[in-house]
1. So which of 91, 103, 98 ends up being modelled with pLDDT of 85 or more and either assigned to a helix (DSSP H, G or I) or closer than 14 Å to residue 29 by Cα (or both)?
2. If you take the residues of the range 61-70 that are touching a residue at least 12 places away in the same chain (Cβ under 8 Å) and closer than 11 Å to residue 13 by Cα, which of them is farthest from the chain's Cα centre (by Cα)?
3. Is one or more of the residues making up the range 39-60 out of contact with any helix residue (DSSP H, G or I) (no Cβ under 9 Å at 6 or more places or on another chain), free of Cβ contacts under 8 Å to residues at least 40 places away in the same chain and either assigned to a helix (DSSP H, G or I) or within 17 Å of residue 11 (Cβ to Cβ) (or both)?
4. Can you report the number of residues in the range 37-51 which are buried (at least 20 other Cβ atoms within 10 Å of the Cβ) and at pLDDT 90 or above?
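The values are calculated or read from the model by the stated rules, or taken from the named source; none is laboratory data. Note that the structure is predicted; figures quoted are calculated from it, not measured. Positions of Cβ are backbone-derived with ideal geometry, glycine not excepted, and every protein chain shown enters the neighbour counts.
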């Protein structure tokens, strides 16, 4: 687990324990991704790693804390929306971000029935 992924898991875990609404989770994820983007121009690889870390952290919380699988869907959607919404140079990596989210879901699909989320890619 990377330091960024650990920080994301801690933030999301805190929100879950506090009983935060899905909107609060979505806004937090969006803000974390945008904060990562504005620290410097990111390449496709860095966008990929950022989104993968976000989705892996959400998957881990579902497995470890028994959080709702909706958390993974929220995190995927908000991560990709942040890349899309940031505009400029990073907006060209939306496809990379969506592929990264799908790859994590496919990779972890044996743990849960998250493959259906990968199919929602067009809705993120």
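1. Going through 91, 103, 98 in turn, just one is modelled with pLDDT of 85 or more and either assigned to a helix (DSSP H, G or I) or closer than 14 Å to residue 29 by Cα (or both): 98.
2. The residue in question is 65.
3. Going residue by residue through the range 39-60, those that are out of contact with any helix residue (DSSP H, G or I) (no Cβ under 9 Å at 6 or more places or on another chain) are 39.
Those left that are additionally free of Cβ contacts under 8 Å to residues at least 40 places away in the same chain: 39.
From what is left, the residues that are either assigned to a helix (DSSP H, G or I) or within 17 Å of residue 11 (Cβ to Cβ) (or both) are 39.
Within the range 39-60, one or more residues are out of contact with any helix residue (DSSP H, G or I) (no Cβ under 9 Å at 6 or more places or on another chain), free of Cβ contacts under 8 Å to residues at least 40 places away in the same chain and either assigned to a helix (DSSP H, G or I) or within 17 Å of residue 11 (Cβ to Cβ) (or both).
4. Count: 2.
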